[in-house]
Amino acid sequence: MTSRLRSLAAGLLAALLLAAVGFGTGACAATDATTSLTVLGPWTGDEQTAFEEVLRRFTAETDINVIYTGTRALSQVLRSDVQEGQPPDIAVLPSPGELASYVRSEDVQPVDEIFGELPEGSYSEQWLQLLRLGTDKLYAVTVKADLKSLIWYDRTELSVPPRSWEELMILTDGIRARGQAPWCIGMNAPPGSGFPGTDWIEDILLHQSGPDVYQRWAAGTVAWTSPEVKQAWSTWAQVVATPGSVQGGASAALLTDFGDARRPMFDPAPGCSLEHQASFAMAGFRSITRDGANLSPGEDFDFFEFPTFGTTPGGTTLSEVSADLAAMFRPSEQARQLMSYLAGQRGQGVWPSLGTAFSANKQVLAQGVYTDPVSIRIAQTLTTAETLCFDASDLMPARMSSAFYRAVLAHVADPTQLDAVLSDLELVRDDIRPAERLDVPCGR
Amino acid sequence: MTTTATSTTVAAAPAPGSCSMTRRDLLRLRAALLVLTAAVFACSFAVFSGVRSTVQNAGTNTAPAVLEVLAARSALVRADAAAMTSFQPPQVQLIGLGEQYQSELALASQSLTQVAEHNAAGDEASRRLQLVDGLLVAYSGSIARAEASFRPDERNPLGLTELWDASRLLHQPDSGILAQLDELAAAERAALARQLSTGWMSTPALLLWVVPIVALFSLLLLAQWYLRRRFRRTVNLALLAATVLLLLVAATASTSLVSQSRAAAAAGTLDQVSGGRQAQAAAIAATGRHALGDVLRIGCGEPLQGGCGGTVNAFLAGLPPMSGAAPSPAGPEAEGATQVIDEFAAAEMAEITGVLGYFIPLGAAAVAALIFLGLQSRLDEYRYRPT
């Protein structure tokens, strides 16, 4: 009896333990937590995959685990996390203006020491100045950067690119005379429709009136109704409002997606010849096929720098840029290591080596990650241009940039109402408090 | 002549060696029975309560979260169709956007607020909700600006731009509001599936209460067999009563299986309701898209005449066929949602589980008392050793 009892008890106890372990394992798995760095960023989809590769290589080097969260609602999510006292360790923001607001509220840590540890000359003085965001400290690392002030074209259709605005107008007049529309323009990009037009106005103002006027206008201290700004808008009208400049006219320009605008460039009967767009357009060009093969940079498509006006400098000496900026919200040794990795040659080289991004770090260019002549030229300008200026609408308060986007659309819809459009913009500017304005000097 | 005194009613005095073994066996048997009774109480009560709580949570939070996402989606599709239809001239000049657009938009907003309250899919779902909120503000702003532009001029290119913007904000694959809501609904539904299959609803949890009951039942039978053999007692009434009571405790605990099964069925009903709503929404969306197509053709001309550019031309070419079915109002959708909630409430069996929940601890206590009683009289026979 006793041994039988013991056997029975042992068997039943084992069964009970197994059930309890199975139940407990499931419960424990749901609550397991490890110490990791948290990074919040704007990228989802393919871009998220690329950035996670950067983080994966960091983890492989340092054994520091990183959890990346990508959201297109970055602004709202980061704002509420900061307000609740639960910011991520590091956040990547696509807008220097938004980052500057966190610098002002002292939610972001300076990173001067990180740049001090990098090999000398890793970044141009121009980029270091931009990354100070109008202060005397460095607050951000560029995860990736884009060059604006570019005009793309079909390499087989144009042999000598224009260098001045006058030469550009002669070129486009000639294209129109042949019965073709010269410009590929697509404004549609919800919820930011109009941004391609704001890029146009910014580039014209920058190259027409110079970086000083551009900087003051971006900072909100130059009126929208000033002669320089009005001249920039009127100059743009030569592009977008001249009949025959855009296939389908104003409606097509307004309703075409910015990513679709370039496609007619490579049709058998080209629907357009030139596109003003940033370096991120390269991915779009590469996805287009002609005669069954993807377009090749340098052979099928290329760019020329934004043309000069009169005696103001242009070419590779003056350019507009944009960047995705990583900033440290919660200081720690691990966060500093990640920021240092992101700023350094190894971290900066990962994404460009995948073929879909550009770095502001000079050592990446020297590393040879760019494999085609177009990418090399872009990287050279990014890292060595004499004057670089952040996209002005990225520096403006949100309601000013929103009004700017809508004003561009209104101007395309009816170019005869320019004075009214500029007066409406001026009303918005008047309403902005000085404390909201951001004065970020161009890097020179 | 030698006489042998025998007794048929009183146990013979045990030999010195066997007395301590029998008492020890009885003590160990009683201890094992009581320990198993405690395990039956703890495990059965824990799983019973855990299942009840899980089913209640699923019915009051997770399932409603799924339904509210679907409700928001349906309302937005109806709002958009109403808006696009109202932009067909001369309606917008005469009556503007109309009441249906405003009321459906408000309904969508209310539903999304409730999703935030009931969200069971974690931080990612919360972030997606924030994204949807921001996109919805952009959408309604574009619609409002389109109305302002179209009222004086039905061909206003700025009005067309805002209307096109709004439509793309809503319908863009992968990034549009509806696509975000689809992802959100899938996340909440996955959370419901996890809730109904893990933790207290899992197979290990089932074993956690079944195994002690089987063990105790087996040991009670073994104990009664042993007592009958050793003490020539045919029936130990107390232990027999304990066995019957144990079966009643087991029956009570097994109602959690009924609850789980009903909850799974309610989840199946939720999927049917979801499928029906998606089909209905697709038909309504097609109506709205065709209305937008009409507005674009009026505004820009036909694609062959230049039209509105490549993106719009591709949209016009890809318009789904009209089903011809009139969009149904929200009434049947609300009925489907009510049915799902009712099924989850039935799965919870709140009316009886509240009472049954007391029976497990009381029943287990009674089983313990009967075990103690059933073995005590046998133990008492060994209390006084012969000297």
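All of the numbers you see were taken from the coordinates with simple rules; none came from a lab. Since this is a predicted model, take the numbers as computed values, not measurements. As a convention, Cβ positions derive from the backbone with ideal geometry for all residues, glycine included, and neighbour counts pool all protein chains shown.
Given springs between every Cα pair under 10 Å in a Gaussian network model of chain A, which of A:393, A:226, A:193 has the largest fluctuation?
Maximum among the listed residues: A:226.
Where both residues lie in chain A, what percent of DSSP beta bridges are antiparallel, nearest 5?
60
Pull up all non-local amide H partners of residue A:65: gap of 5 or more, or a different chain, and H-to-H distance under 5 Å with H placed in the peptide plane.
A:37
Under 23 Å between alpha carbons, and skipping anything fewer than 8 positions from residue A:230 in its own chain: which lysines qualify?
A:148
Can you compute the FRET efficiency between residue A:57 and residue B:203 using 1/(1 + (r/R0)^6), with r the Cβ-Cβ distance and R0 = 30 Å? Round to the nearest 0.05.
That gives a FRET efficiency of 0.15.
Measure off 7 Å from each Cα along the Cα-to-Cβ vector at residue A:46 and residue A:128, then give the distance between these two points in nanometres to one decimal.
3.6
Computed over the Cα atoms, what is the radius of gyration of the range A:145-276 divided by 2.2 N^0.38 Å, N being its residue count?
1.07
Per residue, what volume in Å³ does the convex hull of the Cα atoms of the range A:31-80 enclose?
Looking at the range A:31-80, the number lands at 96 Å³ per residue.
Could you give the length gained on full extension between residue B:106 and residue B:350, defined as 0.36 nm per residue of separation minus the Cα-Cα distance, in nm?
84.4 nm
Please turn the phi angles of the range B:125-136 into ³J(HN,Hα) values with the Karplus equation 6.51 cos²θ - 1.76 cosθ + 1.60 (θ = phi - 60°), one per residue in order, whole Hz, x for glycine and proline.
Taking θ as phi minus 60°, the curve returns 5, 4, 5, 5, 4, 4, 4, 4, 4, x, 5, 5 Hz for the range B:125-136.
How high is the FRET efficiency from residue B:42 to residue B:174, r the C-beta distance, R0 60 Å, rounded to 0.05?
The value I calculate is 0.75.
Sorted from largest to smallest, which semi-axis lengths in Å does the alpha carbon gyration tensor of the protein assembly as shown give for its equivalent ellipsoid, taking the root of 5 times each eigenvalue?
Semi-axis lengths for the protein assembly as shown are 74, 33, 21 Å.
Give the percent of DSSP beta bridges with both residues in the protein assembly as shown that are antiparallel, rounded to the nearest 5.
Antiparallel: roughly 60 percent of the beta bridges in the protein assembly as shown.
Taking the Cα centre of the protein assembly as shown as origin, work out the dipole magnitude from +1 charges on Lys and Arg Cβ and -1 charges on Asp and Glu Cβ, in debye rounded to 20.
Computed charge dipole of the protein assembly as shown: roughly 5720 debye.
Restricting everything to alpha-carbon atoms, can you work out Rg to Rh for chain B with a Kirkwood hydrodynamic radius?
Dividing the radius of gyration by the Kirkwood radius yields 1.35.
So, R0 is 51 Å and r is the distance between the beta-carbons of residue B:151 and residue A:221; what FRET efficiency does that work out to, to 0.05?
The formula returns an efficiency of 0.90 here.
So what is the orientation-averaged projected area of the range B:68-211, using the convex hull of its C-alpha atoms, in nm²?
9.6
Summing Lys, Arg as +1 and Asp, Glu as -1, what charge do residues with Cβ under 9 Å from the Cβ of residue A:320 carry, residue A:320 excluded?
Residues near residue A:320 contribute -3 overall.
Calculate how steeply helix A:74-83 sits against the longest principal axis of the alpha-carbon atoms of chain A, using the helix alpha-carbon long axis, and give the answer as 0 to 90 degrees to the nearest 10.
Taking Cα atoms only, the helix is inclined about 50 degrees.
Quickly work out the residue A:189-to-residue A:76 label distance, labels modelled 7 Å from Cα along the C-beta direction, and quote it in nm with one decimal.
The modelled label-to-label distance comes out at 2.1 nm.
Sticking with the crude label model, points 7 Å out along Cα→Cβ, report the distance from residue B:365 to residue B:137 in nm, one decimal please.
Distance between label points: 5.8 nm.
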